[in-house]
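A quick write-up on the structure given underneath.
Just so you know, all these numbers are worked out from the coordinates, no wet-lab data involved. It should be emphasised that the depicted structure is a prediction, and the values quoted were computed from it without experimental measurement. Virtual Cβ from ideal backbone geometry, glycine too; neighbours counted across all protein chains shown.
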Amino acid sequence: MANKENEDLQEDIVEDNVNADEEVQETPDQTENGDSSDKEEKGDTLQDTVEALKQENSELKDQYLRKHADFENYRKRMAREKADSVKYGNQELLKDLIEVIDNFDRAIKSSADSQDFDSFKEGISMIEQQFTGMLESKWGLTKMNCTGSEYDPNSHEALMMEETPDIEVPTVLEDFQAGYTLHDRVLRPAKVKVGKPAAEKKAEAADAAE
């Protein structure tokens, strides 16, 4: 009886060992299959990422090329507009000058027909007034009236100076060539004759200052 139990016990131990070996053999296969599946999934994900990056890079490159082309067109257009602005920037002024030229033509033809010097002179004077008035009102060009004004080296270029007893400060006595201002800036200083106080006047002024 005891021998029978021992035999049954040995058979159970052998069977358990066999089952354990089978489980051990099955486990590596399952692990290997799991690793392979994970690798395939990771490979697919990486490939998708690469494709997405390629697509994004292609789109960005296309956007860059479009922006670059737009910028080049803008730069060329601005260069053309700048050149046209320099080339035709004075066209409005020239239109006004054409009208003055027309008036000169009419005055010359009229003087040729009538031979009336006084009328010709009057016509030229009227054209000059029209011309200077147009330049002042539309373009801000103003003719200086310097005679009798105090000498200003910023506005006047003294060509001659002489002592004058009846003045206390340097004063413009005569315009040799008119000066002009453009808005608030001196475009061309006037060339003038300047009177300066006589020596005794200077001494009197110095005494009064003391």
**OP:** Could you give me the percent of Cα pairs per 5 Å distance bin for the stretch 64-130, shortest bin first, beginning at zero and ending with the bin that holds the maximum distance?
**Re:** 3, 15, 14, 11, 9, 8, 7, 7, 6, 5, 5, 4, 3, 2, 1, 0
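If you take the beta carbon distance between Q129 and E163 as r and set R0 to 30 Å, what does 1/(1 + (r/R0)^6) give as a FRET efficiency, to the nearest 0.05?
Working: r = 36 Å, r/R0 = 1.21.
Computed FRET efficiency for Q129 and E163: 0.25.
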Original post:
Tell me, K196, K138 in order of fewest to most beta-carbon neighbours within 10 Å?
Top reply: K138, K196
Subject >> Cα-Cα over 20 Å, subset of K82/K143; K143/K193; K95/K138 >> reply: K82/K143
Original post:
Under a point spin-label approximation (7 Å from Cα along Cα-to-Cβ), what is the L93-R185 distance to one decimal in nm?
Top reply: 1.2 nm
**OP:** Just add up the charged neighbours of I98: K/R +1, D/E -1, any other residue whose Cβ is under 14 Å from the Cβ of I98.
**Re:** -2
Original post:
What span do the alpha-carbon atoms of the stretch 68-210 cover on each of the three principal axes, reported in whole Å from largest to smallest?
Top reply: 77, 62, 22
